[in-house]
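Structure, as C-alpha cells:
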Amino acid sequence: MKKSELKIVFMGTPGFAVAQLEKILENGYNVAAVVTAPDKPAGRGMALSSSEVKKYALTREIPVLQPVSLKSEEFLETLKSYHADLFIVVAFRMLPKVVWSMPALGTFNLHASLLPDYRGATPINHAIINGETITGVTTFMLDEEIDTGELLNRQECTIEADDDFGSLHDKLMKIGGELIIKTIEDIIQGRTEPVLQSSVEAQMGDVHTAPKLNKENCRINWELPSYRVHNLVRGLCPYPTAHTVISGKGKEIPVKIFRTSYSDQSHGFNQGTIITDGKQELKVACSKGFISILELQVAGKKRMTIKEFLAGFRDSELYKFI
C-alpha cells in the first residue's frame, strides 16, 4: 500500500496524544477521523470542556467522534463509514474487540514505557517514583487485554536525576511521535516483526505495574528513606503532586510538595521532624536521611519557594510533618 492511499482513524484524549496526531499529519498521512472522550463539565462554572485532541482536530478540520459507549451501533456504523485501513491509539480507553479488529491493518497503541514493564495508566509517573534511570515508548498491536498485545517497536529514553513527571512526559511525547511514524511505515511496507510480550517478560523476570494515581498513593510517607520520598515528589510534579500535612498547635494543614532535594545523612530525629533556620532552609527527617523542601503550596495559598514560606512560618518547633 502506498502512503497516499492509507486511511487512519486516530484515538486519543490528552495533550500527549495531540503531539502524536500532529506528527502523523506533518508526515502527510490522511487522518480520516478522530475518536476522543465526550465533553465534560469543568471549572467553577462547570461549563463543558473539550479534550485537547478534539480542540486540535477541529483546528485541522478533522471529523471528531465522541461516543459515550464504544459499542453503540450508531458509533460503530459511523466508524465503519470511514473505511480506515489502520487505527492508532494514544492515551485513550480500552477498546472492545468490535472496534480494534475493524481495520484491515489492525490497531496499534503507543504506550509510554518499555512494555511489558509498567503496564497500566500511569507509566511515566511510576518509572520516576520507582527510581528508574531508563524508560521509553512502545508500539504494540491491540488485543483483548490491556497493554498486552504483540510488540512492534520500542525506543529507550534516559531518565535524568533532575527529571520530573513534566519533563519526562515531554521527552517521551517527542520520541513517541517518531516511533509512531516508524511503526506506520513498517506496517504499510510489511516490515513488522511482532514479538509476544510473554517471551520478553520471561527474559526480564520481574515487571512493574503502573496503577492509577489516587489520594492515597500520592501521600508522602515520612517513614520511607529520603531518596524514595524525593522520587515520589519528582514523579508527581507538576501534577497531581505529592501531598502531606503539617501538624501542630492543634491543627492540621494540607500541603502540596513540588520540589525537593535529599541527603542520606544519618540522624536521631523522629520521622516528620522539622529542622529549619527560619530563613531559607527547611529539612524534614525521614527514616533515613533528610528531605529539603524547595517549593510547596499550603492549602488555600499560591505555590511558593521555601524562602517565601518561611517568611510567614513561626514556631516551627511546635510543628511536624505527618
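The values are calculated or read from the model by the stated rules, or taken from the named source; none is laboratory data. Every value quoted in this text rests on a predicted model; they were computed, and no experiment measured them. Positions of Cβ are backbone-derived with ideal geometry, glycine not excepted, and every protein chain shown enters the neighbour counts.
Within the bounds of segment 106-119, is there any residue that is in contact with a helix residue (DSSP H, G or I) (Cβ under 8 Å, 6 or more places away or on another chain), surrounded by fewer than 19 Cβ atoms within 10 Å (Cβ to Cβ) and assigned by TED's automatic domain parsing to the domain that holds Glu185?
Step one: filter segment 106-119 for residues in contact with a helix residue (DSSP H, G or I) (Cβ under 8 Å, 6 or more places away or on another chain), giving 106-108, 110-113, 115-118.
Subsequent filtering for residues that are surrounded by fewer than 19 Cβ atoms within 10 Å (Cβ to Cβ) retains none.
No, segment 106-119 contains no residue that is in contact with a helix residue (DSSP H, G or I) (Cβ under 8 Å, 6 or more places away or on another chain), surrounded by fewer than 19 Cβ atoms within 10 Å (Cβ to Cβ) and assigned by TED's automatic domain parsing to the domain that holds Glu185.
Does any residue of segment 281-301 turn out to be touching a helix residue (DSSP H, G or I) at 6+ places or on another chain (Cβ under 6 Å), at positive phi, not assigned by TED's automatic domain parsing to the domain that holds Tyr118 and not aromatic (Phe, Trp, Tyr)?
Among the residues of segment 281-301, at least one is touching a helix residue (DSSP H, G or I) at 6+ places or on another chain (Cβ under 6 Å), at positive phi, not assigned by TED's automatic domain parsing to the domain that holds Tyr118 and not aromatic (Phe, Trp, Tyr), which makes the answer yes.
Out of Leu70, Leu114, Leu79, Leu110, report the one residue that is assigned to a helix (DSSP H, G or I) and in contact (Cβ under 8 Å) with a residue 24 or more places away in the chain.
Checking each option against the conditions leaves just Leu79.
Which of the residues that make up segment 233-249 are in contact with a Leu (Cβ under 8 Å, 6 or more places away or on another chain) and within 24 Å of Ile159 (Cβ to Cβ)?
Across segment 233-249, the qualifying residues are Leu236, Pro240, Ala242.
Considering only residues that are outside any loop (DSSP other than H, G, I, E, B), in contact with a His (Cβ under 9 Å, 6 or more places away or on another chain) and of a type outside the set (D, E, K, R), which ones fall in segment 208-229?
Across segment 208-229, the qualifying residues are Thr209, Ala210.
Looking at segment 273-322, which of its residues are charged (D, E, K, R), under 18 Å from Trp222 (Cβ atoms) and touching a residue at least 40 places away in the same chain (Cβ under 8 Å)?
Lys288, Glu317, Lys320
Check Pro254, Pro238, Pro194 and return the single one that is closer than 30 Å to Ala121 by Cα and touching a Gly at 6+ places or on another chain (Cβ under 6 Å). Reasoning before the result, please.
On the way: Pro254 fails: touching a Gly at 6+ places or on another chain (Cβ under 6 Å); Pro194 fails: touching a Gly at 6+ places or on another chain (Cβ under 6 Å).
Answer to the check: Pro238.
Restricting the search to segment 162-192, which residues are over 16 Å from Glu132 (Cβ atoms), touching a residue at least 40 places away in the same chain (Cβ under 8 Å) and either of a type in the set (Ser, Thr, Tyr) or not in a helix (DSSP H, G or I) (or both)?
Within segment 162-192, Thr183, Thr192 qualify.
Just checking, does segment 22-37 include any residue being assigned by TED's automatic domain parsing to the domain that holds Phe165, among the charged types (D, E, K, R) and farther than 17 Å from Asn109 by Cβ?
Checked segment 22-37: at least one residue is assigned by TED's automatic domain parsing to the domain that holds Phe165, among the charged types (D, E, K, R) and farther than 17 Å from Asn109 by Cβ.
How about segment 270-318: which of its residues are part of a strand (DSSP E or B), buried (at least 16 other Cβ atoms within 10 Å of the Cβ) and either of a type in the set (Val, Ile, Thr) or modelled with pLDDT under 95 (or both)?
The answer is Thr273, Ile274, Thr276, Val284, Ile291, Ile293, Val298.
Take Lys80 and decide whether it is more than 22 Å from the chain's Cα centre (by Cα) and either more than 18 Å from Ala112 (Cβ to Cβ) or buried (at least 19 other Cβ atoms within 10 Å of the Cβ) (or both).
Judged against the criteria, Lys80 is a match.
For Leu58, indicate whether it is touching a strand residue (DSSP E or B) at 6+ places or on another chain (Cβ under 6 Å), assigned to a helix (DSSP H, G or I) and at pLDDT 95 or above.
no
Sort out which residues of segment 176-199 are within 22 Å of Ile159 (Cα to Cα), in contact with a strand residue (DSSP E or B) (Cβ under 8 Å, 6 or more places away or on another chain) and crowded, with 16+ Cβ neighbours inside 10 Å, and write them in order of number.
Gly176, Leu179, Ile180
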